[in-house]
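Novice: This structure is in structure tokens; I'll ask about it shortly.
The values are calculated or read from the model by the stated rules, or taken from the named source; none is laboratory data. Just so you know, these numbers come straight off a predicted model, no measurement behind them. FYI the Cβ positions are ideal-geometry reconstructions off the backbone, even for glycines, and counts take in every protein chain you see. The protein model used for the area step is the full one, side chains on, heavy atoms only, and it has no ligands, DNA or RNA in it. Shrake-Rupley method; radii C 1.70, N 1.55, O 1.52, S 1.80 Å.
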Amino acid sequence: MVYENTLRTLAVAMTVAALASACSSTSSSTPGAPATPPAASQSRAGFGSPAGSSPVACRTSGLRITLDSSQADGAAGSTYYPLDFTNTAAAACVLDGYPGVSFVTAADKGGAQIGAAATRNQQFGLVRVKLEPGAEAHAWLQVGTPGNYPASTCQPVTARGLRVYPPGETEAGYLRQDVPACAGGGAQLLTIMPVRDGKAIEGTAP
């Protein structure tokens, strides 16, 4: 009997000790505290850079926009010109999507739009392009021939430049270029392709 009482006493003591230990470990953490995310998830924001340091969208003020006639390529009543975008800012930025392009009467803010703005060629997928300072990207601009349309539809004129909006931007850049154009809205002369990395090379559209 003494032996059984001793075993019973030891069992009760061990149970009390286990409960006390469990209560102590539960109260040591802060209730409702958020879990710490894995370190790997904090280094995946944009191009593998630390969270919060992803390059921002390229601004018009930080880009040099040019039309590279040396790489122009003609086909089926159109000419394809590469619009080149060079990052002139001190930090990297990104371009993603389609520029906005139209003919204008003057290559500055005083120029009025001529005819229809460029439509988007959606046969090609979008590519997010990261531009380091001094790096280039391009988008092919297809320019139709006014003679493809009846004079009454085209209403032929000479444009004095191009107005170009980089993807996502509301501030335009301007290129001085005399180009045969159509003032009539029913003549669609301009088609733009999505931006691609690097400098354009003739025959490699998009």
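Novice: Name the single residue that is modelled with the highest pLDDT among those in region 80-92 being within 19 Å of Pro194 (Cβ to Cβ) and either of a type in the set (Ser, Thr, Tyr) or open to solvent by 50 Å² or more (accessible area, probe 1.4 Å) (or both). First the steps, then the outcome.
Specialist: Going through region 80-92, the residues within 19 Å of Pro194 (Cβ to Cβ) turn out to be 80-87.
Now restrict to residues that are either of a type in the set (Ser, Thr, Tyr) or open to solvent by 50 Å² or more (accessible area, probe 1.4 Å) (or both): 80-81, 86.
Values: Tyr80: 94, Tyr81: 94, Thr86: 98.
The residue in question is Thr86.
Novice: Before we move on, is Gly74 at positive phi, surrounded by fewer than 16 Cβ atoms within 10 Å (Cβ to Cβ), not hydrophobic (A, V, I, L, M, F, W, C) and not in a helix (DSSP H, G or I)?
Specialist: When the stated conditions are applied, Gly74 does not pass them.
Novice: Condition first: more than 22 Å from Ala57 (Cα to Cα) and not hydrophobic (A, V, I, L, M, F, W, C). Can you find one or more residues in region 83-96 that meet it? Give the derivation first.
Specialist: Just the residues of region 83-96 that are more than 22 Å from Ala57 (Cα to Cα), to begin with: none.
No, region 83-96 contains no residue that is more than 22 Å from Ala57 (Cα to Cα) and not hydrophobic (A, V, I, L, M, F, W, C).
Novice: Go through region 112-158 and give me each residue that's among the small types (Gly, Ala, Ser) and either at positive phi or in contact with a Gly (Cβ under 6 Å, 6 or more places away or on another chain) (or both).
Specialist: Quick first cut of region 112-158, residues among the small types (Gly, Ala, Ser) only: 112, 115-118, 125, 134-135, 137, 139, 144, 147, 151-152.
Within region 112-158, Gly115, Ala116, Gly134 qualify.
Novice: Here is a follow-up. Output the residues belonging to region 158-176 that are open to solvent by less than 60 Å² (accessible area, probe 1.4 Å) and not in a loop (DSSP other than H, G, I, E, B). Step through it out loud before you land on a result.
Specialist: So in region 158-176, the residues open to solvent by less than 60 Å² (accessible area, probe 1.4 Å) come out as 159, 161-164, 166-167, 169, 172-173, 175.
Passing the criteria: Ala159, Gly161, Leu162, Arg163, Val164, Gly173, Leu175.
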